[in-house]
Amino acid sequence: MDPWLIWLIIAAVLAAAEIFTLTAALGMLSAAALVTAGSAAVGLPLPLQFLVFTLVATVTVLFVRPLALRHVLQPPAERFGVDALVGRGGYVVSEVTGMGGRVRIDGEEWTARAYDETLVIPPGKIVDVMEISGATAIVYPRD
């Protein structure tokens with residue numbers, strides 16, 4: 001069997017393994033094996049093929065992988081669902097205490113509790129949503 005074909009098979013096996021691990025390391029090694037398959041197809045001797053594989057694998061794992069992981073691990077740009085309500089303002093519909101109350105947030109009425117359990121927030125006040133716990137907005141009055 002030709003060396004380039006062996007390197008191509010190694011590249012395919014590493015790429016398939018990367019799909020299951022999602023670490024980016026095996027993908028980089030797969031790319032190195034693919035480059036080495038090209039160098040083997042050109043007719044590079046076996047010791048130089050190993051050198052090409054080693055160099056490309058080292059460069060990709062040390063420099064490209066951290067860039068790829070940094071890009072993948074970024075937090076989402078926008079918040080969705082109830083997470084998007086945190087930080088928004090609300091209007092107190094019925095008195096809010098540490099035990100309960102009602103607020104209107106973006107046109108929807110929510111059950112609410114005061115962030116500070118000792119506070120009593122009267123109807124008509126504007127509050128900020130500090131967090132959402134289940135179906136209850138935890139709010140704090142704006143000054």
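The values are calculated or read from the model by the stated rules, or taken from the named source; none is laboratory data. No experiment lies behind these values; they were computed from the predicted model shown. No Cβ is skipped: glycine too gets one built from the backbone with ideal geometry, and neighbour counts run over all protein chains shown. Side chains are part of the model used for accessible areas, which takes the heavy atoms of the whole protein and leaves out ligands, DNA and RNA. Shrake-Rupley method; radii C 1.70, N 1.55, O 1.52, S 1.80 Å.
Hey, any hits in the range 59-68 for a residue that's surrounded by 12 or more Cβ atoms within 10 Å (Cβ to Cβ), farther than 30 Å from Pro141 by Cβ, at pLDDT 90 or above and not hydroxyl-bearing (Ser, Thr, Tyr)? Let's see the steps before the verdict.
Just the residues of the range 59-68 that are surrounded by 12 or more Cβ atoms within 10 Å (Cβ to Cβ), to begin with: 59-61, 64-65, 68.
Checking which are farther than 30 Å from Pro141 by Cβ leaves us with 59-61, 64-65, 68.
In the following step, the residues that additionally are at pLDDT 90 or above were identified as 59.
From the residues that got through so far, the ones that are not hydroxyl-bearing (Ser, Thr, Tyr) too are 59.
Yes: one or more hits.
Among the residues of the range 1-12, write down those that are of a type in the set (Val, Ile, Thr) and either exposed (fewer than 14 other Cβ atoms within 10 Å of the Cβ) or in a loop (DSSP other than H, G, I, E, B) (or both). Walk me through how you get there before you give the answer.
First pass over the range 1-12, keeping only residues of a type in the set (Val, Ile, Thr): 6, 9-10.
Matches in the range 1-12: Ile9 only.
What single numbered condition from (1) open to solvent by 70 Å² or more (accessible area, probe 1.4 Å); (2) in a loop (DSSP other than H, G, I, E, B) fails to hold for Leu44?
(1) is the only condition that Leu44 fails.
Condition (residue is surrounded by 14 or more Cβ atoms within 10 Å (Cβ to Cβ), under 29 Å from the mean Cα position of the chain (by Cα) and either within 30 Å of Glu131 (Cα to Cα) or at pLDDT 90 or above (or both)) applied to the range 72-82: is it met by at least one residue?
Residues of the range 72-82 surrounded by 14 or more Cβ atoms within 10 Å (Cβ to Cβ): 82.
With the extra rule that they be under 29 Å from the mean Cα position of the chain (by Cα), the set shrinks to 82.
Add one more test, that the residue is either within 30 Å of Glu131 (Cα to Cα) or at pLDDT 90 or above (or both), and what stays is 82.
Yes, there is a match, as at least one residue in the range 72-82 is surrounded by 14 or more Cβ atoms within 10 Å (Cβ to Cβ), under 29 Å from the mean Cα position of the chain (by Cα) and either within 30 Å of Glu131 (Cα to Cα) or at pLDDT 90 or above (or both).
Hey, can you tell me all the residues within the range 83-93 that are open to solvent by less than 70 Å² (accessible area, probe 1.4 Å) and assigned to a loop (DSSP other than H, G, I, E, B)?
Restricting attention to the range 83-93, the residues satisfying the condition of being open to solvent by less than 70 Å² (accessible area, probe 1.4 Å) are 84-87, 89-90, 92-93.
Answer for the range 83-93, where residues must be open to solvent by less than 70 Å² (accessible area, probe 1.4 Å) and assigned to a loop (DSSP other than H, G, I, E, B): Val86, Gly87.
When you look at Ala15, is it of a type in the set (Gly, Ala, Ser), more than 30 Å from Val129 (Cα to Cα), at pLDDT below 90 and surrounded by 15 or more Cβ atoms within 10 Å (Cβ to Cβ), yes or no?
Values: of a type in the set (Gly, Ala, Ser): yes; more than 30 Å from Val129 (Cα to Cα): yes; at pLDDT below 90: no; surrounded by 15 or more Cβ atoms within 10 Å (Cβ to Cβ): yes.
Taking the combined requirement at face value, the residue does not satisfy it.
Hey, could you check the range 94-140 for residues that are open to solvent by less than 40 Å² (accessible area, probe 1.4 Å) and touching a residue at least 40 places away in the same chain (Cβ under 8 Å) and say which is farthest from Phe80 (Cα to Cα)?
Val96
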